[in-house]
Amino acid sequence: MREALSVELLKLRRSPVAWTAGLALVILIPALCLGLVSVVEGSGAGPMAEKVRALVSGTGWVAYSGLIDQVATSGLFVGVGIVVIWCFGREFSDRTVGSLFALPTSRGTIAGAKLIVVTGWSLFVSTLVVLVAVGLGLAGDLGPLNAAALEELGEVLAVALLTSLLASTLALPTSVGRGYLPGIGAMVLVLVSAQMAVLFQAGAWYPFAAPGLWAVAGSQGEVLVTLPQLAMAPVLALVGAGVTVRWWQGFELA
Amino acid sequence: MMSIVAESITRSYGDDLAVDHLDLEVGPGEIHAIVGLNGAGKTTLMRMLMGMVKPDSGRALIDGVDVVSAPPATWTQVGHMIETPFGYPELTVIENIRAAARLRGVSAGDLPSTTTAVIERFELGRWAHRRARALSMGNRQRLGLACALVHRPRIVVLDEPSNSLDPSGVVLVRDLMRHEAAGGAAMLVSSHHLDEMARVAHRISALHRGRIIGAIDPDGVDLERSFFEMVHGAEVGLREGGIDA
């Protein structure tokens, strides 16, 4: 495993896709949310301020972190998902997959190393998103960090980590479909189905919707998602990882 | 001593019989070339021997072990380049070679000396720190070969190794194959280029429609004529009801 981990880590470190997605997530999510909160708390007039106000509850840090919750749920799923899809799909699209056969390092081990590296990267990026958000918030004159704000930011971190774990499940459709497009198709399907699940009030039972629903409801003082429902997200990620490793161990070239 | 064996190996893709009950053996110290037209079954045969594709029937054996259940120790002795050469575009030449070496079981301690040796061997020093995406086709082929052979395998399977190489690269690969075989490696090589294969191979088998249709003497004259006569004979035999190998 150590050999496969060192190779996959090198590939990720050299990947323009991972760098672009990471920087975009870490900078854009907090900056965008701080900008929107400033619009609401500024003059407060105009159609944009009205639209943003509908998304935001509370003021200052609470409004800011609540908004990050909402943006991070889909933003991280897309950003991390793109890196997961690249990590697995590139072996098929770049036709490098043939070189991963007939090695003492098994393909299952290589897939496991990919999942570990990309999950580690996504958890690191998620943590950075929160840290940058705190830094920008302090610089953005949102006032002192109080207990409520810290609780909100803890929620942001939890949602970011859960969303990142869920994005790793995109490795399976990308692998089985042998390329980027099936992975992207699955990502779109997940995003649409999560919206539908929330719309039909089944979001709490749908692992891809539950973390976002929990965060949004929590920031508005409601409890819509229980802990067991929330725990389905890491369980699904684990099951997805197991099935992906097993598929890589046994597949043959088309 | 390591060997490659195919025992009545068969593989179909739908109605297309890509490899048809084929028997083949490559012994230690031997360069066995297979030549054939496009679609003859060369790549499918090599893929089955490397466990990339499972045979419908028959067995592929490396060192007497069925490739379907071969342990890591068996694969440590194997180097291959089939179709696309190993090479991640975002990595430099030296990084690609190190990655290939690690996946092939070279220890972290041996990595620097192994990498340096193979870069010198394939004359890649000038491009060592260049990313693979910026290499010419010929140098990508050299990189792929370097990655396949970085761990000095005893079993070597190469599909069209001289593809895209300039004349000096062709000579380099030819010398390298001779050197590895002299050291005891069993080498299976495919090519469209009969003359090139005749310069290095100990045995040449002609493959057509998934079957070995005859052997070509590497020291013979007018090899292309011999090859096409075999192909023509096989087609006539097929039209009359079956190929006689």
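Every number in this text was worked out from the coordinates using simple rules, so none of it is lab data. Since this is a predicted model, take the numbers as computed values, not measurements. Please note: Cβ atoms are built from the backbone with ideal geometry, for glycine as well, and neighbour counts cover all protein chains shown.
Of note:
- Taking amide H as placed 1.01 Å from N in the peptide plane, the amide H of B:Val65 sits under 5 Å from none that are at least 5 places away or on another chain.
- Of the chymotrypsin sites (Phe, Trp or Tyr not before Pro) found in the range A:97-203, those in coil by DSSP whose Cβ has at most 10 other Cβ atoms within 10 Å are A:Phe200.
- Phi angles of the range B:162-174 translate, via the Karplus equation with coefficients 6.51, -1.76, 1.60 and θ = phi - 60°, into HN-Hα couplings of 8, 3, 6, 7, 7, x, 5, x, 4, 5, 4, 5, 4 Hz per residue; Gly and Pro are given as x.
- Taking amide hydrogens as placed 1.01 Å from N in the peptide plane, the amide H of B:Ala18 sits under 5 Å from those of B:Arg11, B:Ser12, B:Tyr13, each at least 5 positions away in sequence or on another chain.
- Per-residue [θ]222 nm for chain A (sum of -39500 (n - 2.57) over DSSP H runs n ≥ 4, rounded to 500): -26500 deg cm²/dmol
- Helices in chain A that qualify as membrane-span-like (whole DSSP H runs, Cα extent of at least 27 Å along the helix axis, mean Kyte-Doolittle hydropathy of -0.5 or higher) are A:16-41, A:60-93, A:107-139, A:147-167, A:180-199, A:227-250.
- Interchain or long-range residues, amide H under 5 Å from B:Ala33's placed H: B:Val189, B:His202, B:Arg203, B:Ile204, B:Ser205
- Computed from Cα positions, the angle between helix B:93-103 and the longest principal axis of chain B comes to roughly 70 degrees.
- Translational D in µm²/s for the range A:161-244 (Stokes-Einstein at 37 °C, 0.692 mPa s, Kirkwood Rh from C-alpha pairs): 249
- Listed peptides B:216-226, A:201-211 by packing density, highest first (mean Cβ within 10 Å): A:201-211, B:216-226
- Residue by residue along B:63-74, Cβ atoms of other protein chains within 10 Å of the local Cβ number 1 on average.
- 3J(HN,Hα) along the range B:131-141, derived from phi through the Karplus expression 6.51 cos²θ - 1.76 cosθ + 1.60 where θ = phi - 60°, amounts to 5, 4, 5, 9, 7, 6, 4, x, 6, 5, 5 Hz, with x in place of Gly and Pro.
- Highest to lowest packing among A:158-165, B:23-30, A:225-232, scored as the average C-beta count within 10 Å: A:158-165, B:23-30, A:225-232
- Here the residues A:Asp69, B:Asp56, ranked from fewest to most Cβ neighbours within 10 Å of their Cβ, fall in the order B:Asp56, A:Asp69.
- Tensor-based shape of the range B:37-135 (alpha-carbon gyration tensor, a/c under 1.5 rounded, otherwise prolate or oblate): oblate
- The packing ranking of peptides A:241-251, A:87-97, highest mean first, is A:87-97, A:241-251, where packing means the average number of other beta carbon atoms within 10 angstrom of each residue.
- Rounded to 5, percent antiparallel among DSSP beta bridges of the protein assembly as shown: 50
- Using θ = phi - 60° in the Karplus curve 6.51 cos²θ - 1.76 cosθ + 1.60, the 3J(HN,Hα) couplings for the range B:11-23 round to 8, 10, 10, x, 7, 8, 7, 6, 9, 10, 6, 9, 10 Hz; x is entered for Gly and Pro.
- Inter-centroid distance (Cα atoms) of the range B:167-215 relative to the range A:16-33, Å: 51
- Cross-link reach list, lysines versus B:Lys54, counting only Cα pairs under 16 Å and skipping chain neighbours closer than eight places: B:Lys42
- Residue-averaged beta-carbon neighbours from other chains (10 angstrom radius) around B:96-104: 5
- Inter-chain shielding of A:103-114 (mean C-beta neighbours from other protein chains, 10 Å cut-off): 3
- Relative to the Cα centre, the charge distribution of the range B:1-154, modelled as +1 at Lys and Arg Cβ and -1 at Asp and Glu Cβ, gives a dipole magnitude of about 860 debye.
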